[in-house]
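K.L.:
Pasting a structure here, questions to come.
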């Protein structure tokens, strides 16, 4: 086949561009980035952004809420030991985590249940006073996906109002109970002035969706680096938790050389605030901080960045 005939064949079969790529020098091929609308780094130059969640839920749970104890209580009785397990979250867990964040020099996002905030207002104020974000997490542990539009709107607003009443801050981020939002949740959040939600596991970087003809940020969550799933749900040891989170970081840091990446880590008051978990968390964050180009950001900060970034992924 002559050169001109070969080029005609490749053009007609759509393979001319592929052939050209295959014949390019290695250095040109190596410079090509993965497909997709990605910048090399975040607008501030970060190679990887790490965002930590601290759930403030204890005190807002219903009687006989799920706990490590066997679920064999007879109706009409209160599970008193389980209640003390939740009390640990606000008596010991969050105060210990707050000291850890201070020592590590990182700021986190605290997803606060309204009833928990009203029960422990001083603790809620301390979280905000120490530079952390107060995000909304519903009024209590009720499921909201099956509520009517008006019921869900009232539920979300009551939780947010409790945070504002106690801390003086207006939450702009939202997390539904077990991430289970309903068909109308995003419309309600947009109507109430929220800027982002986290109830999405579909990406390892933030993105934008259209809600009520406006932009709304999605700051993805994860179950892979989440103490309630790994420690409580799967009975991981703290060493296993550390290793899983470290492996997640190592891979995302590698990918961060060529595309925007975000790592999410989540801790719950009565789980992540135990002595062993706080020690493992300290070691994990110190390991991460040894890597150049890593920044820790609150989720409201990430939302501001992504909503003003023309290169952000849009869905």
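A quick yes/no check of all residues on (1) under 17 Å from the mean Cα position of the chain (by Cα); (2) in a helix (DSSP H, G or I):
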{"site": "204", "(1), (2)": "yes, no"}
{"site": "217", "(1), (2)": "yes, no"}
{"site": "223", "(1), (2)": "yes, no"}
{"site": "231", "(1), (2)": "no, yes"}
{"site": "249", "(1), (2)": "yes, yes"}
{"site": "258", "(1), (2)": "no, no"}
{"site": "263", "(1), (2)": "yes, no"}
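K.L.:
Can you pull out the residues in region 117-139 that are closer than 14 Å to residue 53 by Cα, touching a residue at least 40 places away in the same chain (Cβ under 8 Å) and either in a loop (DSSP other than H, G, I, E, B) or more than 19 Å from the chain's Cα centre (by Cα) (or both)?
P.N.:
Result: 132, 137.
K.L.:
Can you find a residue that is surrounded by fewer than 19 Cβ atoms within 10 Å (Cβ to Cβ) and in contact with a helix residue (DSSP H, G or I) (Cβ under 7 Å, 6 or more places away or on another chain) anywhere in region 251-267?
P.N.:
Step one: list which residues in region 251-267 are surrounded by fewer than 19 Cβ atoms within 10 Å (Cβ to Cβ), which gives 251, 254-255, 257-259.
With the extra rule that they be in contact with a helix residue (DSSP H, G or I) (Cβ under 7 Å, 6 or more places away or on another chain), the set shrinks to none.
No, there is no match, as no residue in region 251-267 is surrounded by fewer than 19 Cβ atoms within 10 Å (Cβ to Cβ) and in contact with a helix residue (DSSP H, G or I) (Cβ under 7 Å, 6 or more places away or on another chain).
K.L.:
Now a separate question. Check off (1) outside any helix (DSSP H, G or I); (2) free of Cβ contacts under 8 Å to residues at least 40 places away in the same chain; (3) more than 17 Å from residue 115 (Cα to Cα) for residue 243 and give me the number that stays unchecked.
P.N.:
That leaves (1) as the condition not met.
K.L.:
Which of the residues that make up region 57-116 are over 20 Å from residue 141 (Cα atoms) and assigned to a helix (DSSP H, G or I)?
P.N.:
Matches in region 57-116: 92, 95, 96, 97, 98, 99, 100, 101, 102, 103, 104.
K.L.:
Of (1) under 28 Å from residue 66 (Cα atoms); (2) surrounded by 21 or more Cβ atoms within 10 Å (Cβ to Cβ), residue 147 satisfies all except one. Which?
P.N.:
(2)
K.L.:
How many residues does region 77-95 contain that are under 19 Å from residue 265 (Cα atoms) and either crowded, with 19+ Cβ neighbours inside 10 Å or touching a strand residue (DSSP E or B) at 6+ places or on another chain (Cβ under 8 Å) (or both)? Before you say what the answer is, go through the steps one by one.
P.N.:
Taking region 77-95 first, the residues under 19 Å from residue 265 (Cα atoms) are 89, 93-95.
Next, from what is left, pick out any that are either crowded, with 19+ Cβ neighbours inside 10 Å or touching a strand residue (DSSP E or B) at 6+ places or on another chain (Cβ under 8 Å) (or both): 89, 93-94.
Of the residues in that region, 3 qualify.
K.L.:
Any idea which of 183, 199 is part of a loop (DSSP other than H, G, I, E, B) and either at pLDDT below 95 or surrounded by fewer than 17 Cβ atoms within 10 Å (Cβ to Cβ) (or both)?
P.N.:
Working: 199 fails: either at pLDDT below 95 or surrounded by fewer than 17 Cβ atoms within 10 Å (Cβ to Cβ) (or both).
Among 183, 199, only 183 is part of a loop (DSSP other than H, G, I, E, B) and either at pLDDT below 95 or surrounded by fewer than 17 Cβ atoms within 10 Å (Cβ to Cβ) (or both).
K.L.:
Here is a further query. Do you know which residues across region 216-243 are over 19 Å from residue 57 (Cβ atoms) and loosely packed, with under 14 Cβ neighbours inside 10 Å?
P.N.:
234, 235, 237, 239
K.L.:
Taking region 140-184, which residues are more than 20 Å from residue 210 (Cα to Cα) and touching a residue at least 60 places away in the same chain (Cβ under 8 Å)?
P.N.:
Scanning region 140-184 gives 140, 141.
K.L.:
Right, next: Within region 44-56, is even one residue at pLDDT 80 or above, in a loop (DSSP other than H, G, I, E, B) and over 24 Å from the mean Cα position of the chain (by Cα)?
P.N.:
Here is the first cut: in region 44-56, the ones at pLDDT 80 or above are 44-56.
Retained after the next criterion (residues that are in a loop (DSSP other than H, G, I, E, B)): 44-47.
Filter once more, keeping what is over 24 Å from the mean Cα position of the chain (by Cα): none.
Looking through region 44-56, none of the residues is at pLDDT 80 or above, in a loop (DSSP other than H, G, I, E, B) and over 24 Å from the mean Cα position of the chain (by Cα).
K.L.:
I would also like to ask the following. Of all residues in region 265-283, which are farther than 23 Å from residue 204 by Cα and within 16 Å of the chain's Cα centre (by Cα)?
P.N.:
269
The values are calculated or read from the model by the stated rules, or taken from the named source; none is laboratory data. Not measured: the values here are computed from a predicted model. Because the Cβ atoms are built from the backbone with ideal geometry, glycine has one as well, and the counts that use them run over all protein chains shown.
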